[in-house]
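Notes to accompany the following structure.
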Amino acid sequence: MCRNAAHSHEHAHDVPEDTAAFADLSVPEKELSPGDLSRRRFLLNSGLLGAAALGVTALGGLAAARPAAATTGGSRGYQWLAGDHHVHTQYSYDGMYTIEQQAAGAIKHGRIDWLVITDHGHAAHEKFAVESTYADIVASRARHPELLLWQGLEWNVPGGEHATVFFDGARDEIQLLRAFERLFDSRINGTGASTPANEAKALEALGWLETALQTGSADSALFLINHVMRRGRFSPRDLRAFRDAAPDIAVGMEGAPGAQNEPRARGDFNNTADANSWPGWRPEHYPTYGGFDSMTGILGGMWDAMLAEGKGWWITANSDGHFYNNDTTVEPQRPGDWYDQHGKYPDPIDGGVPQRHADFWPGQFSRTVVGAASRSHGAVMEALKSGRVWVSMGGLIDGLHVDAHAPGNAPVTLGGRLSVRRGDDVTVNISVDLAGRPNANEDVPSLARLDLIRGAVTGSAADPDTFTAPDVRIVESFTPRGRGRVAEFHYRFRDVREPFYFRLRGTDGKRSAAGGLEPAADTGPNENPWNDLWFYANPVFVDVL
């Protein structure tokens, strides 16, 4: 952001020359634009006392452009873009790769369109790494204009575990990220324990993000919970509180964790509670199910309990990329306190020998596919916020189009709401692009079954710690027929009288629980995740007038 050319005040001796006007307290408020005035007051009210404390400069972040207007006409009106919002680099205390290696590798191995770098919150990260990360992000954006690339943060949530946070259209993206990390990261301010005070701090942080949007400091911000049941730190009450406190920011969770190749257990879920786990979780909630978090994988479980309230709560799937399977890259030798001293690790080197690692490259195994109105940062974030998202493992399917319509209504797709008259029929049309090329395991997966799942919308839960939704069932299972590359399925909900939602999942059918329909719990050693592939789609809501 540039200074007003007419401003000719002498600068305080400790204010850098390129400091943005709103952060330079020597600039009187009367000389600020309305937008800059609101930004200054927001930052001051957040406890960021002036330019010296904040380090705000005229660097600027992404161009402050609003996403394109929502497209009408169903799923075919959107660009379906694959990506990953949970990736680590040498700027994480447990990472290795450079940002350029992550960007180039994601394009090569995962063929993805968008990527969010989310290095861990940490005192050394906040002190040393924010600006260096930004410089590397800018360089990789220039090298790979085909990739939409963000700098985000894996936030250590007060009273909880981890979540992705990132901005779009932030005029000073890195300063907002640094301020957020400094104020609210539990590793920095010691608020990690599961206490009421720390849980309140997490809600305060979401309020801070809301204020950033209201003051125009950012056009958009997103919060998505990562590997939700890995430790069971988040209670049902927490998820509802996040969603209701900031419904345009706290929009969902990873339906499937990264680390899908971890030998000990899929997703590196330890399958047991610890001292900070919510005591209401049961043993069956801790493993993954077909690689998906139990909140998603258990039919009628926590995800359905959220959706039964008639409010959006969307799922994604990501790599959580730290170290990539079969890669020969290794960490160089360095002193044990290197990260604490530098906020990054030295560039990795080629060790010559492929390694088994827990993670796959972004998009190589798990893909989050969003329906974006345009190929832009803002449109991808708007798609995530709106729930136009499906997720897939191992290249099980290449594409998915879902549309629902009723008499007199335009079709809606994933994440949408269809309003119908009582007694109307709702028609669902599903088109699946079946896998047509080998995946990274050199297999061409085959979709064995697609399930259409219906859940009743019953309103807000009387008990905020409810984690079941009894009125959820599979209404139809479809099997692809023939040898074509596209499978078409249709279903009609007849004589609709009460509000409901529907969602989809599919499987390669190689592994299931007793009875053959539900995914099996991943309770043993993780031998080959390629032999248990699923996809899930976010719901469509049907409201009755």
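The values are calculated or read from the model by the stated rules, or taken from the named source; none is laboratory data. Note that the coordinates shown come from a computational prediction; the quantities given were computed from them, not determined experimentally. Glycine gets a Cβ as well: all are built from the backbone with ideal geometry, and neighbour counts include every protein chain shown. Just so you know, the surface numbers come from the protein's heavy atoms only, side chains and all, with ligands and any DNA or RNA stripped out. Shrake-Rupley method; radii C 1.70, N 1.55, O 1.52, S 1.80 Å.
I need a count of the residues in region 213-244 that are outside any loop (DSSP other than H, G, I, E, B) and among the hydroxyl-bearing types (Ser, Thr, Tyr).
In the first step, residues of region 213-244 are kept if they are outside any loop (DSSP other than H, G, I, E, B); the result is 213-214, 220-225, 236-244.
With among the hydroxyl-bearing types (Ser, Thr, Tyr) added as a condition, the list becomes 220.
So the answer is 1.
Could you look through region 362-388, keep only residues that are over 19 Å from Trp530 (Cα atoms), among the small types (Gly, Ala, Ser) and part of a loop (DSSP other than H, G, I, E, B), and pick out the one that is least open to solvent (accessible area, probe 1.4 Å)?
Taking region 362-388 first, the residues over 19 Å from Trp530 (Cα atoms) are 369-388.
In the following step, the residues that additionally are among the small types (Gly, Ala, Ser) were identified as 371-374, 376, 378-379, 383, 386-387.
When the remaining residues are screened for being part of a loop (DSSP other than H, G, I, E, B), the result is 373-374, 376, 387.
Values: Ala373: 24, Ser374: 30, Ser376: 34, Gly387: 0 Å².
Selected residue: Gly387.
With respect to Ala82, determine if the residue is in contact with a Ser or Thr (Cβ under 6 Å, 6 or more places away or on another chain) and farther than 29 Å from Pro158 by Cβ. If you could, list the steps in order and put the result at the bottom.
Values: in contact with a Ser or Thr (Cβ under 6 Å, 6 or more places away or on another chain): no; farther than 29 Å from Pro158 by Cβ: yes.
When the stated conditions are applied, Ala82 does not pass them.
Checking the conditions here, which among Ile107, Ile174 is over 20 Å from Ala212 (Cα atoms), in a helix (DSSP H, G or I) and not basic (Lys, Arg)?
The conditions single out Ile107.
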Query raised in the report: So how many residues does region 245-268 have that are assigned to a loop (DSSP other than H, G, I, E, B), over 15 Å from Arg356 (Cα atoms) and among the charged types (D, E, K, R)?
Result: 1
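Looking for something free of Cβ contacts under 8 Å to residues at least 24 places away in the same chain and either among the acidic types (Asp, Glu) or more than 20 Å from Arg449 (Cα to Cα) (or both) - is there at least one such residue anywhere in region 428-435? Lay out the reasoning, then the answer.
First, the residues of region 428-435 that are free of Cβ contacts under 8 Å to residues at least 24 places away in the same chain: none.
No; the residues of region 428-435 include none that is free of Cβ contacts under 8 Å to residues at least 24 places away in the same chain and either among the acidic types (Asp, Glu) or more than 20 Å from Arg449 (Cα to Cα) (or both).
Just checking, which of Thr72, Thr98, Thr57 is surrounded by fewer than 18 Cβ atoms within 10 Å (Cβ to Cβ) and either over 19 Å from Leu177 (Cα atoms) or modelled with pLDDT under 95 (or both)? Spell out the reasoning first.
On the way: Thr98 fails: surrounded by fewer than 18 Cβ atoms within 10 Å (Cβ to Cβ); Thr57 fails: surrounded by fewer than 18 Cβ atoms within 10 Å (Cβ to Cβ).
The unique qualifying residue is Thr72.
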Query raised in the report: Are there any pairs, at least 6 apart or on different chains, whose C-beta atoms fall under 7 Å, with the first in region 384-403 and over 22 Å from Thr288 (Cβ atoms) and the second assigned to a helix (DSSP H, G or I) and of a type outside the set (Asp, Glu), and if so, which?
Result: His401/Ser75; His401/Arg76; Val402/Ser75; Asp403/Ser75
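In the list Arg375, Arg449, Arg388, Arg454, which residue meets the criterion of being of a type in the set (Lys, Arg) and closer than 19 Å to Ala317 by Cα? Let's see the steps before the verdict.
Numbers: Arg375 fails: closer than 19 Å to Ala317 by Cα; Arg449 fails: closer than 19 Å to Ala317 by Cα; Arg454 fails: closer than 19 Å to Ala317 by Cα.
Every option except Arg388 fails the conditions.
Applying the selection to region 277-288, what residues are in contact with an Asp or Glu (Cβ under 7 Å, 6 or more places away or on another chain) and either farther than 27 Å from Arg367 by Cβ or open to solvent by 20 Å² or more (accessible area, probe 1.4 Å) (or both)?
Across region 277-288, the qualifying residue is only Gly280.
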Requested in this report: Go through (1) assigned to a loop (DSSP other than H, G, I, E, B); (2) at pLDDT 95 or above; (3) open to solvent by 10 Å² or more (accessible area, probe 1.4 Å); (4) more than 30 Å from Ser431 (Cα to Cα) one by one and return the number of the condition Ser92 breaks.
Outcome: (3)
Query raised in the report: Give me the pairs: first residue in region 508-527 and loosely packed, with under 11 Cβ neighbours inside 10 Å, second residue among the acidic types (Asp, Glu) and not in a loop (DSSP other than H, G, I, E, B), beta-carbon distance under 7 Å, and six or more apart or on different chains, which are they?
Result: none
**Report entry** Set Ile298, Ile315, Ile225: member being of a type in the set (Val, Ile, Thr) and open to solvent by 10 Å² or more (accessible area, probe 1.4 Å)
**Finding:** Ile298
Query raised in the report: With Glu254, Glu210 as the choices, which residue is closer than 22 Å to Arg282 by Cα, touching a residue at least 24 places away in the same chain (Cβ under 8 Å) and either within 15 Å of the chain's Cα centre (by Cα) or open to solvent by 20 Å² or more (accessible area, probe 1.4 Å) (or both)?
Result: Glu254
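Quick one: which of Ser419, Ser431 is open to solvent by 20 Å² or more (accessible area, probe 1.4 Å) and under 24 Å from Arg388 (Cβ atoms)?
Values: Ser431 fails: open to solvent by 20 Å² or more (accessible area, probe 1.4 Å).
Being open to solvent by 20 Å² or more (accessible area, probe 1.4 Å) and under 24 Å from Arg388 (Cβ atoms) holds for just one of Ser419, Ser431, which is Ser419.
Condition first: among the small types (Gly, Ala, Ser) and farther than 24 Å from Asp465 by Cβ. Can you find one or more residues in region 244-251 that meet it? Before the answer, list the steps.
Pass one, region 244-251, residues among the small types (Gly, Ala, Ser): 245-246, 250.
Next cut, farther than 24 Å from Asp465 by Cβ only: none.
No - not one qualifying residue is present in region 244-251.
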Query raised in the report: How many of the residues in region 399-415 are in contact with an Asp or Glu (Cβ under 9 Å, 6 or more places away or on another chain), of a type outside the set (Val, Ile, Thr) and open to solvent by less than 30 Å² (accessible area, probe 1.4 Å)?
Result: 4
Query raised in the report: If you take the residues in region 178-197 that are under 15 Å from Ser217 (Cβ atoms) and open to solvent by 10 Å² or more (accessible area, probe 1.4 Å), which one is farthest from the chain's Cα centre (by Cα)?
Result: Leu183
Report task. List every residue pair whose Cβ atoms lie under 8 Å apart, where the two residues are 6 or more positions apart in sequence or sit on different chains, the first residue falls within region 342-357 and is more than 21 Å from Ala129 (Cα to Cα), and the second residue, located anywhere, is among the charged types (D, E, K, R) and modelled with pLDDT of 95 or more. Result -> Pro354/Asp327; Gln355/Asp327; His357/Asp327
Query raised in the report: Picking from Thr164, Thr133, which residue would you name as being part of a strand (DSSP E or B), polar (S, T, N, Q), within 25 Å of Tyr345 (Cα to Cα) and touching a residue at least 40 places away in the same chain (Cβ under 8 Å)?
Result: Thr164
